[in-house]
Every structure is written in structure tokens, then in C-alpha cells.
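J.: Can you read through this structure? Questions will come right after.
The values are calculated or read from the model by the stated rules, or taken from the named source; none is laboratory data. Not measured: the values here are computed from a predicted model. Glycine also receives a Cβ, built like all others from the backbone with ideal geometry; neighbour counts cover every protein chain displayed. Note: accessible area is taken over every heavy atom of the protein model, side chains too, but ligands, DNA and RNA are not part of it. Shrake-Rupley method; radii C 1.70, N 1.55, O 1.52, S 1.80 Å.
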Amino acid sequence: MATIGLMLRFQDGYDMAVAGGVVQYARTKPDWQLRGQGPWFFSLEREALALCDGLIARIEDDEQARFCASLGIPVIDIAGSSSLKLFSQVRNDDYHTGVSGGTYLKSLGSSRMAWCTVDHVHWARERFVGFQTAVSKRSEEIATFSRPLSWWRQLYEPCPDLEAWLEELPKPISLFCCNDLSAMKVELACQRLGVHIPEEIMVLGVDNETLLCELANPSISSIQPDCVAIGYQASAMLDALLEQSISGVHIQRIAPGPVRERESTRLVLSEDEHVAKAMSLIKREATANLTASEVAEQASICRRSLEMRFRTYRGKSIWEEICEEKLSQASILLQHSKESIAVISEQCGFGSIHRFYSLFKRRFGQTPQAYRKSKKQS
């Protein structure tokens, strides 16, 4: 019997979902016994960690990393926070998480960007690099606010320094927060200041902690890591280490899921109010057979005039914007839904599956089937 320890706090959705992936893998290993904190597992007290055969751990700093190294057992780190490269890792692809956040916020039309982050953690630095790459700005052009993780966890404590920073930001601005905890603290500070979200500050987080994001007012848009895959692949890597089929330090990055859009970013910024209003409608209703004429009608302006404004401010026609939104929704479904290509084509409002194939290949350079296959393999 192999005893597998889970050094997780079980205080958020990330840990719970990772544990779910571990359990999925453990079902294929009848000789595994899982031990962890909380009522779901055989008890695992801190002093009993060294008695485990292997450990899957959320290591949040160098001190924890050194402690885990002292146990003398195979360890898989699922956090990527420590600067010490002592263990194999299976973790979220933080660089591409940053790219995803930057690409999404840029698509909403903001020319100003800001960043809220945690001090001295590797995953936050990687997210910033990806974000900076996506928005094509130098680091000094991105307003940044950083504090230790323990500071962010004091969610309802007064934070005059954060409030002063938010007040000084030029507005409107898009603010990418490195996790949902910091996004929630930002929103609470904005409420105290009377700063409007998303009209003055758009807020995007990471982790998609559903309860936290939905409890926030306005609700928080967030990027969803594939935590179940992280847990499953961490278990597979630990199994390989225990079986001695691999050795040394390995790092596997799991691609994040899509942005889960909520109220905190449900606005398109544009110097032209008619374009902004039209873009909001397109984001809401593109897949419901929305036409360019209907967009112009809702924008209270003639279609020709609106088309000219779109060309000026978006560099596209109204129809191209509608099509782009439909294809974006289709790409998300192809990655995260098991529906057939035909059903996805219909759900996204394409008139025929042949049209869908043609437009999709033109936009992504491959067929929907090839796209789906490539994303599952990445």
C-alpha cells in the first residue's frame, strides 16, 4: 500500500478541484491511500508527512519548499510559487494565463493597463510577463501595485495605500489582478472610493473562485485554470517517480481555460459612444443570429454611419466583429465542451456547418476538429 499525502489547505476552489483530479487518478491505483487535511481523507498531521511515500503539495514560499525537501520523499509541487527549483511541478501555465488576460482586456478597447500582484512569487511574475507581452507595453507603462500574499488575505482590513493608488490611476483603465483574492480586495476598495466598475476600472482576476466571484458586487470576471487536469497529471507524475520510470526534476504546465466573463468587464471601451454601445450588444448577442442592421438599430444611428465609425475605431466592419465574437465562443466550446462540431456551429449562430468550417479555418488556420485535438494535446 502506497500512502500519498496531500499538503493542501482546502480553503478554496483551487485546492478542491486539484484534489478532485488526484482522486480521479487514485481510482486507477487500488494500492494508493490518500491522506490529507479535512474530513474527506484519512487524517494527515504535519508530523506524519515524512511517513508518506509521496507528496502532492501546494508550496507557497521558499520556507515550505525547504521543509518539503527535508522529508526525503518524492514531491510534486502544484503551485510554482517558490524560487527554489527543488521539485518536479505540475501547475497552471502562468505565462499563457497572462497572455489570455492581456489579450482579453485589449479586445475590450482599453489603452491603459494596470496590474495588481503578490510580492515575490514565481507564478505572479510569469503572469505579468505574459500580460505585458499581450498588451505590447513596457513594464513602466503598466501601473503596478504589489503586496505580500498575507496582506491580500486580510480581505476586509482597511487599505489606504491601495485606495490612494486606485484614486491616482488615469481612468478609464483595465486592471488585471493576479488572482481573485486581489480582485475582490480591489473591488471593495473601489466601493469605498465610489469608483465605478467597469465604467472607470475594469477588473479581471484569475482562478474563477465561483463563490467569491459571484458574491462580489459587481461580479468578477476571471480566468479558469484547469485544476482537475493539474491534480490528475500531478498524480501521474508522482506515480512515475515512485515507479522509478522517470527521474530528476520535471515541469509540466497545464493550459488555462477561458475567461469567465462577468459584470466587472462587461463593457467595451471606445472613444465613440455609438461603437461602445454596439460592441456591448455584439458581445451579449452575437450567437443569437444578430445582424449588422440590428446592431445599427440598437445603436440609434444609421448603418452607414456606424460602419464608418467601426472602421475608424475598430478597424473592422460590424459583420466582422459579429463573426469574430461567434468564432471566439466556438473556440471556447471546442476546448471545453463535448458537443459535436455540428451542435457547436448551431449554438454559435452559424447559418451552415460549411460556412462555420470556412470561417473557422480562415481565423485559426485549422479545421474545428484539428483545433479541438490540438488543444486537448497541449
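J.: For Ser88, which sequence-distant residues (separation of 5 or more, or a different chain) have an amide H within less than 5 Å of its own amide H, given hydrogens modelled in the peptide plane?
T.: Amide H neighbours of Ser88: Val75, Asp77, His250.
J.: Straight-line reach from Lys338: which aspartates and glutamates have a Cα under 15 Å away, not including same-chain ones fewer than 8 places off?
T.: Of all the aspartates and glutamates, those that pass the test against Lys338 - Cα under 15 Å, at least 8 places apart if same chain - are Glu346.
J.: In whole Hz, with x marking every Gly and Pro, tabulate ³J(HN,Hα) for the range 356-365 from phi via Karplus 6.51 cos²θ - 1.76 cosθ + 1.60, θ = phi - 60°.
T.: Karplus-based 3J(HN,Hα) across the range 356-365 equals 4, 4, 4, 5, 5, 5, 5, 7, 10, x Hz.
J.: Also: Anything over 31 Å Cα to Cα? Flag those among Lys185/Lys326; Lys277/Lys373; Lys85/Lys171; Lys137/Lys283; Lys185/Lys375; Lys85/Lys283, in the order listed. Show your work: numbers first, answer last.
T.: Values: Lys185/Lys326 33 Å; Lys277/Lys373 36 Å; Lys85/Lys171 40 Å; Lys137/Lys283 26 Å; Lys185/Lys375 33 Å; Lys85/Lys283 42 Å.
Those over the limit are Lys185/Lys326; Lys277/Lys373; Lys85/Lys171; Lys185/Lys375; Lys85/Lys283.
J.: How many nm separate the modelled label positions at Arg66 and Gln298, each set 7 Å beyond the Cα in the direction of the Cβ?
T.: Spacing of the two 7 Å Cα→Cβ label points: 5.8 nm.
J.: Per residue, how much accessible surface does the chain expose to a 1.4 Å probe? Answer in Å², no decimals.
T.: Details: 17860 Å² over 378 residues.
It amounts to 47 Å² per residue over the chain.
J.: Under 5 Å between amide hydrogens, which residues at least 5 positions from Ile223 or on another chain qualify, with H placed 1.01 Å from N in the peptide plane?
T.: Amide H neighbours of Ile223, under 5 Å, 5+ apart: Gly205, Val206, Asp207, Asn208, Arg260.
J.: Compute the Rg/Rh shape ratio of the range 89-245: radius of gyration over Kirkwood radius, all on alpha-carbon atoms.
T.: Numbers: Rg = 16.6 Å, Rh = 16.3 Å.
For the range 89-245, the value is 1.02.
J.: Just to confirm the number: angle between the C-alpha axis of helix 368-377 and the first principal axis of the chain, 0 to 90 degrees, nearest 10?
T.: The angle comes out at about 30 degrees.
J.: Still on this structure, please answer the following. Order of 319-329, 237-247, 151-161, 19-29 by packing, highest average Cβ count within 10 Å first? Write out the running numbers ahead of the final one.
T.: On the way: 319-329: 19.4, 237-247: 14.9, 151-161: 13.3, 19-29: 17.5.
Order by mean packing, descending: 319-329, 19-29, 237-247, 151-161.
J.: For Ala2, which sequence-distant residues (separation of 5 or more, or a different chain) have an amide H within less than 5 Å of its own amide H, given hydrogens modelled in the peptide plane?
T.: Under 5 Å from the amide H of Ala2: Trp32, Gln33.
J.: A further question on this structure: For the chain, what is the relative contact order in percent, using Cα pairs closer than 8 Å and at least 6 residues apart in sequence?
T.: Working: 662 pairs, mean separation 55.1, N = 378.
Averaging sequence separation for qualifying contacts and normalising by length gives 15 percent for the chain.
J.: For the chain, which whole percent of the accessible surface, found with a 1.4 angstrom probe, sits on carbon and sulfur atoms?
T.: 49 percent
J.: Let me ask something additional. Output the relative contact order of the range 1-148, whole-number percent, from Cα pairs under 8 angstrom with separation of 6+ residues. Spell out each step's value before the answer.
T.: Numbers: 234 pairs, mean separation 26.9, N = 148.
Contact order relative to length: 18 percent.
J.: Right, next: For the residue pair Asp119 and Asn217, what label-to-label distance in nm results when each label sits 7 Å from Cα along the Cα-to-beta-carbon direction?
T.: A separation of 3.3 nm, rounded to one decimal place.
J.: Above 16 angstrom, tally the Cα pairs of the range 55-115 and express them as a % of all pairs, no decimals.
T.: Working: 972 of 1830 pairs.
Considering the range 55-115, 53 percent of its Cα-Cα pairs are separated by more than 16 Å.
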